[in-house]
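Data block below; observations after.
The values are calculated or read from the model by the stated rules, or taken from the named source; none is laboratory data. These figures come from a predicted structure and were not determined experimentally. Quick reminder, even Gly has a Cβ in these numbers, built from the backbone with ideal geometry, and neighbours come from all protein chains shown.
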Ligand SMILES: Cc1cc2nc3c(=O)[nH]c(=O)nc-3n(C[C@H](O)[C@H](O)[C@H](O)COP(=O)(O)OP(=O)(O)OC[C@H]3O[C@@H](n4cnc5c(N)ncnc54)[C@H](O)[C@@H]3O)c2cc1C
Ligand code: SF4
């Protein structure tokens, strides 16, 4: 599983960070950083949830 | 926990799809039916007034899920089909006139646009709710529209007007209130929003209504309540929405500006509702509310789906802090909370002049809301404080620590 963020769409509102702070971090510079682009398979449900709750549809979970 | 073999979701849009995804994620293996009267696979509405209208995005970019993901949900997906009646005691829903049984039913039929009386049948007058609406307005903007009037400077009207200006057309934005969104944002912040429109070349007319949309078969002009006549060959009306509840007549559900639910989103035994169509008492505010925001459709869709799988004892109230965003020109606006127009307002970073700031709202010693212009991260931080029920002084202290 690979997490891909479209940074042109992302507006750094940190909703994904509330769901999975070990994977997504919006820092003081107002940019989103993906801390782990290949989380383990056990995290799939959480990653799907982050993708579905991102208001900008900026997160893709690829197989 | 109630045993369920089948769940039917009516309304195949944001709340309905997110509800279906939640059920599968939580391990529901029964039959899952998703019914929607639009012909399209579930798509996202916010881009309709933004990227799609601007012509930056094609239709295929606004889908709410990827085809593989949709297939993985193993849905009985019925697009282009309408639910026409509900019988709560019998546990049946009529789809295109044919009764079908369900164990659990989730109502997510959303809302549709209010129209201006007397404009039916006049070509060139539009509302914007569906993909088809969005394409029609985009095509009008692309193919030689010369003058645009937008009625209503709420979020959607303001976005449409801003996007139309991007086509290089003269645009008049008409708002009945003295200050755009004044009822939500208060006059101080509303004035800043008005300023952004004017900076960008908008002909903004506040405090006036529309008396008449003139033209026999095509729109020619709009006559305002102050007597002014504005020429227009494209008019977009954004004056609010009405919930889609007609099909529930005679169902026994209480319908009053939406489907009335209890605190847990339950409307009747084995029936829940979510999104723009649902009205429920939010215990956080002690107020019955219906929220027309994207995030609420997602959160309530998930909550109402889970509610169907819980007993009355297990069920929990739905008590969100409402939150929305709006993108106008190059400004990203966000607000969380539930302010009143006369709340105290304090700018905690940035400034109105820069058009980049965070403002917090308070009343009776409590933080009630936060508004940000190009400050998404900060809005979410204060949203965290709102969720904790922070006091006004706590919020000010938090603001001091940030600088
Ligand atoms: C142009 C536009 C821009 C927006 N921008 C923003 C924004 O920037 N930020 C924000 O927070 N929110 C925004 N919103 C609001 C957000 O899109 C809505 O809150 C959200 O779509 C609500 O989702 P829903 O699923 O509850 O209802 P809807 O999206 O209205 O979906 C309901 C679905 O049910 C179908 N339906 C109705 N009756 C029946 C029936 N009897 N049988 C079968 N199907 C039926 C409808 O056709 C529709 O497809 C915007 C909305 C619009 C229209
Ligand atoms: S939720 Fe979406 S828009 Fe928000 S920070 Fe994460 S990726 Fe960006």
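Using the structure shown, decide if residue B:16 is within 11 Å of ligand 1 (Cβ to nearest atom) and touching a strand residue (DSSP E or B) at 6+ places or on another chain (Cβ under 7 Å). Even if it seems obvious, please write down each step before you answer.
Working: within 11 Å of ligand 1 (Cβ to nearest atom): yes; touching a strand residue (DSSP E or B) at 6+ places or on another chain (Cβ under 7 Å): yes.
Judged against the criteria, residue B:16 is a match.
Any chance segment B:140-149 includes a residue that's assigned to a strand (DSSP E or B) and in contact with a strand residue (DSSP E or B) (Cβ under 7 Å, 6 or more places away or on another chain)? Yes; the residues of segment B:140-149 include at least one that is assigned to a strand (DSSP E or B) and in contact with a strand residue (DSSP E or B) (Cβ under 7 Å, 6 or more places away or on another chain). Being at pLDDT 95 or above and more than 26 Å from residue B:45 (Cβ to Cβ): is that true of residue B:396 here? Yes. Restricting attention to segment A:13-22, the residues that are more than 9 Å from chain B (Cβ to nearest Cβ), within 10 Å of ligand 2 (Cβ to nearest atom) and not in a helix (DSSP H, G or I) total 1.
Kindly evaluate residue A:11 against the criterion of being in contact with a strand residue (DSSP E or B) (Cβ under 7 Å, 6 or more places away or on another chain) and within 16 Å of ligand 1 (Cβ to nearest atom).
Values: in contact with a strand residue (DSSP E or B) (Cβ under 7 Å, 6 or more places away or on another chain): yes; within 16 Å of ligand 1 (Cβ to nearest atom): yes.
When the stated conditions are applied, residue A:11 passes them.
Across segment B:10-37, the number of residues qualifying as in contact with a helix residue (DSSP H, G or I) (Cβ under 8 Å, 6 or more places away or on another chain) and surrounded by fewer than 17 Cβ atoms within 10 Å (Cβ to Cβ) comes to 1.
Given the residues B:349, B:295, which is the only one that is within 16 Å of ligand 2 (Cβ to nearest atom) and either surrounded by fewer than 21 Cβ atoms within 10 Å (Cβ to Cβ) or more than 14 Å from the chain's Cα centre (by Cα) (or both)? Spell out how you get there, then give the answer.
Details: B:349 fails: within 16 Å of ligand 2 (Cβ to nearest atom).
Criteria check complete, one pass: B:295.
Sub-7 Å Cβ pairs linking a first residue in segment A:42-59 that is more than 9 Å from chain B (Cβ to nearest Cβ) to a second residue that is within 16 Å of ligand 1 (Cβ to nearest atom) and part of a loop (DSSP other than H, G, I, E, B), at least 6 apart or interchain, are A:58/A:9; A:58/A:10, ordered by first then second residue.
How about segment B:326-403: which strands (runs of 3 or more DSSP E) wholly inside it have at least 1 residues that are under 23 Å from residue A:18 (Cα atoms) and free of Cβ contacts under 8 Å to residues at least 40 places away in the same chain? Step through it out loud before you land on a result.
Working: elements: B:331-337, B:344-351, B:356-363, B:366-373.
Per the criteria, B:356-363, B:366-373.
Taking first residues from segment B:141-164 that are within 12 Å of residue B:175 (Cα to Cα) and assigned by TED's automatic domain parsing to the domain that holds residue B:222 and partners that are at pLDDT 95 or above and part of a helix (DSSP H, G or I), the Cβ contacts under 6 Å between residues at least 6 apart in sequence or on separate chains come to B:150/B:157; B:150/B:160; B:150/B:161.
So, residue B:128, is that one within 21 Å of the chain's Cα centre (by Cα), within 25 Å of residue B:143 (Cα to Cα), at pLDDT 95 or above and assigned to a helix (DSSP H, G or I) or not? Quick ask: steps written out before the conclusion?
Values: within 21 Å of the chain's Cα centre (by Cα): yes; within 25 Å of residue B:143 (Cα to Cα): yes; at pLDDT 95 or above: yes; assigned to a helix (DSSP H, G or I): no.
Considered against the rule, which asks whether it is within 21 Å of the chain's Cα centre (by Cα), within 25 Å of residue B:143 (Cα to Cα), at pLDDT 95 or above and assigned to a helix (DSSP H, G or I), residue B:128 comes out as no.
Checking residue B:382 against (1) in contact with a helix residue (DSSP H, G or I) (Cβ under 9 Å, 6 or more places away or on another chain); (2) surrounded by fewer than 24 Cβ atoms within 10 Å (Cβ to Cβ); (3) at pLDDT 95 or above, which single condition isn't satisfied? The failed condition is (2).
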